[in-house]
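Just so you know, all these numbers are worked out from the coordinates, no wet-lab data involved. Remember, predicted model here, so these are calculated numbers, not experimental data. Methodologically, a virtual Cβ is constructed for each residue, glycine included, from the backbone with ideal geometry; neighbour enumeration extends over all protein chains shown.
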Amino acid sequence: PEEVFILAIESSCDDTAAAVLRNNKVLSNVVARQHIHEEYGGVVPELASRAHQQNIVPVIDVALKKAGVAKEQLAAIAFTQGPGLMGSLLVGTSFAKSLAMALQIPLIAVNHMHAHILAHFIDEEGFDKPEFPFLALTISGGHTQIVKVNDFFDLEIIGETTDDAVGEAFDKTAKILGLPYPGGPLIDQFAAAGNPKRFAFTKPKVDGLDFSFSGLKTQILYFVQKHVAENPNFIEENKNDICASVQNIIIEILMEKLQLAVAETGIRQIAIGGGVSANSGIRNTLKAAEGKYGWKTFIPKFEYTTDNAAMIGIVGYHNYLHDKFADAAVVAKARIEF
Ligand code: KG4
Ligand code: ZN
């Protein structure tokens with residue numbers, strides 16, 4: 001069996017990441033998080049691309065060093081082509097192209113959302129790989145999709161958000177509560193100590209397998225404004241319960257659509273991916289669904305949930321096995337289909 005070393009680069013949003021894989025095993029997985037956006041309440045594209053440019057060489061150097069792999073041993077370079085912020089994507093794309101050219105090795109263009117799904121095929125002790133076909137729920141700051149995964153390269157979006165992504169629902173709620181960006185992990189943390197039944201929010205009515213989160217955000221905003229008008233300390237006094245209740249309604253929305261997707265497709269294997277799948281409430285609810293509904297659920301290792309390059313590397317590896325290489329004229333794409 002051949003040993004294939006792949007360097008993977010991810011720069012679609014605000015994390016600069018590089019990983020080295022040997023076949024389907026991760027040798028190193030390095031992420032430089034950009035904290036600069038915290039004070040702005042969201043990612044500032046201009047600052048993100050600048051930070052990528054600053055970080056990309058050191059991050060790749062560390063990834064190679066940690067893996068104990070020399071540049072000359074690399075078989076290919078995989079990079080995130082999209083979707084994402086154009087200025088951010090350009091940094092990774094241009095760098096990947098230049099390095100592939102210098103090393104005279106093939107280049108592999110990877111769809112970021114594809115990577116959040118195939119992250120489940122990284123060889124990791126204690127983690128099962130799903131069998132085809134399975135359903136993937138990809139939940140991140142930019143996306144909310146239910147994907148029917150028929151094969152490594154045969155994916156069908158069967159449901160998606162018509163407005164905000166679920167991560168935005170978390171982040172915007174956090175902003176309303178005066179918490180820094182990204183607020184998802186903080187809501188998760190406060191929710192753990194709160195009562196999820198304390199405040200009732202209503203589920204949006206959306207047909208079929210699609211989602212909508214913008215109405216929920218407005219609902220939460222009005223709810224908080226109304227209570228703060230009566231009691232200026234409302235947020236401080238009820239933070240845990242508000243977070244738990246918001247997280248609870250989001251979980252209910254996701255679970256309702258997953259149940260519908262299972263009913264429509266007959267597929268009972270569910271894999272989650274994307275930054276929001278780091279949420280402990282979502283992880284616990286899905287685990288519980290195994291006993292409750294007879295599903296088999298796949299929850300990625302924590303470091304492969306939020307943006308990372310290892311997931312780009314595993315897609316790169318499967319592309320490599322199928323000789324799916326990008327040509328030198330490949331360009332970054334802010335929007336991209338499977
Ligand atoms: O996949 P990701 O790292 O970047 C995108 O591709 O968007 O996802 C980032 C999103 C943010 O909205 C962040 O608040 C959310 O994932 N997130 C969480 C948690 N950890 C990250 N949301 C809820 N609970 C968490 N523990
Ligand atoms: Zn992502």
Along the dipole axis of the chain (charges at Cβ: +1 for Lys and Arg, -1 for Asp and Glu; origin at the Cα centre), the most positive-end residue among Phe79, Gly167, Ile105 is Gly167
Residue span Arg335 to Glu160: 0.36 nm per residue of separation minus Cα-Cα distance leaves a gain in nm of 61.5 nm
Report, in whole Å, the centroid distance computed from the Cα atoms of segment 171-232 and segment 68-136.
34 Å
Only four residue types carry charge here, +1 at the Cβ of Lys and Arg and -1 at the Cβ of Asp and Glu. Report the dipole size of the chain about the Cα centre in Debye, rounded to the nearest 20.
340 debye
Tell me the net charge near Ser88. Cut-off is 13 Å between Cβ atoms, Ser88 excluded, with +1 for each Lys or Arg and -1 for each Asp or Glu.
-3
Can you give the Rg to Rh ratio for the chain, taking only C-alpha atoms and Rh from Kirkwood?
0.99
Would you pull out the residues with amide H under 5 Å of Arg198's amide H, same chain only if 5 or more places away, H placed 1.01 Å from N?
none
Is there a quick way to get the dipole size of segment 129-299? I mean about its Cα centre, with the Cβ of Lys and Arg at +1 and of Asp and Glu at -1; what is the value in debye to the nearest 20?
460 debye
Can you list which of the DSSP-assigned H helices in the chain have a Cα extent of 18 Å or more along the long axis and an average Kyte-Doolittle score of at least -1.0?
45-67, 86-103, 214-230, 234-265, 280-293
For the chain, with +1 on Lys and Arg beta carbons and -1 on Asp and Glu, the positive-most of Phe134, Gln34, Thr265 along the dipole:
Gln34
Pairs of alpha-carbon atoms within less than 8 angstrom and 6+ residues apart define the contacts here; what relative contact order does the chain have, in percent?
25 percent
As a quick test, which of the pairs Lys197/Lys239; Lys203/Lys226; Lys301/Lys324 have an alpha carbon distance above 23 angstrom in this structure?
Lys301/Lys324
Residues other than Ser212 with Cβ under 15 Å of its Cβ, Lys/Arg counted +1 and Asp/Glu -1, net out at -3
For segment 129-299, count the residues as N, evaluate 2.2 N^0.38 Å, and divide the Cα radius of gyration by that value, please.
1.05
Of the residues Ile187, Asn231, Leu286, the Cα lying farthest along the dipole of segment 156-300 towards its positive end, which is defined by charges on the beta carbon of Lys, Arg, Asp and Glu, belongs to Leu286
Just grab the label-to-label distance for Thr265 and Val228, each label 7 Å out from Cα along the Cβ direction, in nm (one decimal).
4.0 nm
Around Val69, what is the net charge, scoring Lys/Arg as +1 and Asp/Glu as -1 over all other residues with Cβ under 13 Å from its Cβ?
+2
For Ser140, list long-range residues whose amide hydrogen, built 1.01 Å from N in the peptide plane, is under 5 Å from its own amide hydrogen.
Val166, Gly167, Val276
